[in-house]
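Just below is one structure, and these are the notes that go with it.
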Amino acid sequence: MTATPPPSRHPRFHKSSYSQSEAACVEVAEGPVTGVRDTKHRELGALFFDTGEWRAFLASTKDA
């Protein structure tokens, strides 16, 4: 996981389909690297995950 996007990439963020409430929205940028950021605090940046890390995260949330 890294807090900066891969070099020469300009991720296109969109509201996550799992964000249902205006109070707790996240945006994601999908691709070879997945970015996640808080909609209300975009200025704080985003976290970026490679494919393996993102799959592991999604699998862990399904088990919870």
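The values are calculated or read from the model by the stated rules, or taken from the named source; none is laboratory data. Quick caveat: nothing in here was measured; it's all calculated off a predicted structure. Backbone-built Cβ (ideal geometry, glycine too); neighbour counts: all protein chains shown. When the accessible area is computed, the model is the full protein with side chains, heavy atoms only, and any ligands, DNA or RNA have been set aside. Shrake-Rupley method; radii C 1.70, N 1.55, O 1.52, S 1.80 Å.
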Scan segment 14-30 for residues that are among the small types (G, A, S) and either open to solvent by 40 Å² or more (accessible area, probe 1.4 Å) or modelled with pLDDT of 85 or more (or both) and jot them down.
S17, S21, A23, A24, A29
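For residues in segment 34-61 being β-branched (V, I, T) and in a helix (DSSP H, G or I), which is surrounded by the fewest Cβ atoms within 10 Å (Cβ to Cβ)?
Within segment 34-61, the first condition is being β-branched (V, I, T), and the residues that meet it are 34, 36, 39, 51, 61.
Pick out the ones that are also in a helix (DSSP H, G or I) and you get 39, 51, 61.
Details: T39: 14, T51: 11, T61: 9.
Here the residue is T61.
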